[in-house]
Amino acid sequence: MAAIYMDANATTPVLPEVVEAMRPYWAESFGNASSVHQRGQQARAAVDHAREAVATLLNCRPAEIVFTSGGTESDNLALFGLLSPGDHLITTAIEHHAVLHAAEALAQRGVELTFLKPSAAGVIDPEAVRASLRPNTKLVSVMLANNETGVVQPVREIAKIAHGSGALVHTDAVQAGGKLPLDVTALGCDLLSLSGHKMHAPQGVGVLYVSRKVKLNPLFFGGLHERGRRPGTENVAGIVGLGRAAELARTWLNAEASPSTSTQPENPAALAALRDRLEQGILARLPDAGVNGAGAPRVANTTNLYFEGIDAEALIIALDLQGLEISAGSACQSGATEPSHVLVAMGLPEERARGSVRLSLSRMNSQSEVGVAIELVAAAVSRLRAIAGAAAR
Ligand SMILES: Cc1ncc(COP(=O)(O)O)c(C=O)c1O
């Protein structure tokens, strides 16, 4: 039996419709989008179509979309493309390492840096942004949805405050792509990062939205692709996949509930109900357990659970052997013994952070998978606690 996959925040399965859309661009339509001949122009038209689809999802102009190699590059392009020595950057302690480590590298080059801490529920207070603004604050970068807890940040309020003092706003929306409506005008952000593989497109393709009012310096130098903001021959198949995933995300986000017999969630409300069933089912079966980020607004697919007396790595391995794939913190941290920087920044004791796991669903998960997962998690936690109890006696 295939393993049940509940690690969508690490990466999502590529939708069959996306694979189908990409296929010709690895085969007969393999052209370089810069070539003048017809095959090249077919590739160009496909990239343009994908650009329009992503722009529609974000409610921006196609010319404001820059295709990149993924979320990490988009975040780096936003920060390094805007900040120079002497500028001030405000960001948060709960960002993905793509922002955190970029910010630290910029600090070594003379950029002033403020890291804001979240509340115990994992939320950044917009007033903390206001209190940190300086005359030289050039950029405020706050993620839209956290990859570990799913907690949604008040980006719209933060943007209003930042703009009031002339700072620009970037949001890492990688974990919000395909989960929340992403209207850049409503959000009020000037730059926004997306990653294909978190929204059912392939790995290795992403987007940076850059408002036409923003002047961004490129990170790389070469041809004039992406209006000089990101040189290099386009990843045509990947871009086509991301464009198709954007169209499908838009449809799914706006889908009405139907009396269909589908056991897979048809829209975000149904996905949230599935996640809540998973969360409540596990918590009902286990004492000394809870939700990290409970009480804060969260994206529909994510739950971050702690189990007292449990080592998250041991639980993940035990569940993997039973056919359930989940993770602790972000994927790039797995294997590391450090507790999650997000949970630690929320003020959780280190032991609780070490006993926390993330289950992240997608629209591909079913009711029956959730039923199986509840029983597997409850049994594995009970077994590990019994072993630890026996060892302690
Ligand atoms: C919030 C966030 N930002 C950025 C990234 C990096 O994206 P990519 O894997 O496309 O480089 C991730 C990936 O986990 C993420 O969760």
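Annotation: Asp183 carries an accessible surface of approximately 50 Å², with a 1.4 Å probe and no ligand, DNA or RNA atoms counted.
For the chain, the membrane-span-like helices by this rule, meaning whole DSSP H stretches whose C-alpha atoms cover at least 24 Å of axis and whose Kyte-Doolittle mean is -0.5 or above, are 38-58, 236-253, 268-285, 367-392; this says nothing about an actual membrane. Placing a pseudo-label 7 Å from each Cα along the Cα-to-Cβ vector at Ala2 and Ala27 gives an inter-label distance of 2.1 nm. Of the accessible area of the stretch 223-330, computed with a 1.4 Å probe over protein heavy atoms only, carbon and sulfur atoms account for 51 percent. Looking at Leu324, Ser132, Leu180, which one has the Cα that reaches farthest to the positive end of the dipole of the chain (charges on Cβ: Lys, Arg +1; Asp, Glu -1)? Working it through, the farthest residue towards the positive pole turns out to be Ser132.
Which order do you get for Lys213, Lys160, Lys138 if you rank them by accessible area with a 1.4 Å probe, largest at the top? Could you put the intermediate results ahead of the total?
Values: Lys213 170, Lys160 140, Lys138 70 Å².
Order by accessible area, largest first: Lys213, Lys160, Lys138.
Ordering Tyr209, Tyr25 from largest to smallest accessible area (1.4 angstrom probe), what's the sequence?
Values: Tyr209 15, Tyr25 55 Å².
Heavy-atom accessible area, descending, gives Tyr25, Tyr209.
Ranked from largest to smallest solvent-accessible area, with a 1.4 Å probe on the protein heavy atoms, His96, His37 come out as His37, His96. Shown is the FRET efficiency for Ser258 and Ala93, computed with R0 = 41 Å from the Cβ-Cβ distance and rounded to the nearest 0.05: 0.45. Using a probe of 1.4 Å, the accessible surface attributed to Lys215 totals some 150 Å² when neighbouring protein chains are kept in position. Heavy atoms of the protein chains alone define the surface here; on that basis the stretch 290-393 has 41 Å² accessible area per residue at 1.4 Å probe size. In the stretch 36-149, taking the dipole from charged Cβ atoms about the Cα centre, the farthest positive-side position among Ala63, Ser141, Ala93 is held by Ala63. Compared with the rule-of-thumb size 2.2 N^0.38 Å for a compact globular protein, the stretch 195-323 has a Cα radius of gyration ratio of 1.47.
Dipole magnitude for the stretch 142-251: about 260 debye, using +1 per Lys or Arg Cβ and -1 per Asp or Glu Cβ, origin at the Cα centre.
For a paramagnetic label modelled on Glu266 (point 7 Å from Cα along Cα→Cβ), amide N atoms under 15 Å away belong, within the stretch 367-382, to 367. Once both labels are positioned 7 Å from their Cα atoms along Cα-to-Cβ, the gap between Glu157 and Val19 label points is 4.4 nm.
Which value, in debye to the nearest 20, gives the size of the charge dipole of the chain about its Cα centre, when Lys and Arg are +1 and Asp and Glu are -1 at the Cβ?
720
Based on protein heavy atoms only, the stretch 139-244 ends up with 33 Å² per residue of surface accessible to a 1.4 Å probe. Here the stretch 33-112 and the stretch 195-272 have alpha carbon centers that stand 12 Å from each other. Under Stokes-Einstein, with the Kirkwood radius over Cα pairs as Rh, the value for the stretch 158-212 at 37 °C and 0.692 mPa s is 277 µm²/s. Kirkwood-type hydrodynamic radius, the stretch 59-114: 12.1 Å, calculated from all non-identical alpha-carbon pairs.
Can you show me the helix-derived [θ] at 222 nm for the chain, built from DSSP H runs with n ≥ 4 at -39,500 (n - 2.57) apiece and divided by the number of residues, rounded to the nearest 500.
Numbers: 13 runs with 156 residues, N = 393.
Rounded to the nearest 500, it is -12500 deg cm²/dmol.
Dipole magnitude for the stretch 1-75: about 260 debye, using +1 per Lys or Arg Cβ and -1 per Asp or Glu Cβ, origin at the Cα centre. Applying Stokes-Einstein at 10 °C and 1.306 mPa s to the Kirkwood radius of the chain, computed over alpha-carbon pairs, gives a translational diffusion coefficient of 73 µm² s⁻¹.
Counting only protein heavy atoms and using a 1.4 Å probe, the accessible area of Ser84 comes to about 50 Å².
At full extension, Gln38 and Ala392 could sit 120.2 nm farther apart than now, given 0.36 nm per residue minus the alpha carbon distance.
Projecting the Cα atoms of Ala289, Ser262, Ala272 onto the dipole axis of the stretch 252-314, where Lys and Arg carry +1 and Asp and Glu carry -1 at the beta carbon, places Ser262 farthest toward the positive end. Pairs of Lys residues in the chain, spaced 8 or more positions apart or belonging to different chains, with C-alpha separations under 24 angstrom: 9 in total.
The values are calculated or read from the model by the stated rules, or taken from the named source; none is laboratory data. All figures in this text were calculated on a predicted structure; none of them were measured in a lab. Note: ideal-geometry Cβ built from the backbone for every residue, glycine included; neighbour counts use all protein chains shown. For the accessible areas, the whole protein counts, side chains as well, though only heavy atoms, and no ligand, DNA or RNA atoms are used. Shrake-Rupley method; radii C 1.70, N 1.55, O 1.52, S 1.80 Å.
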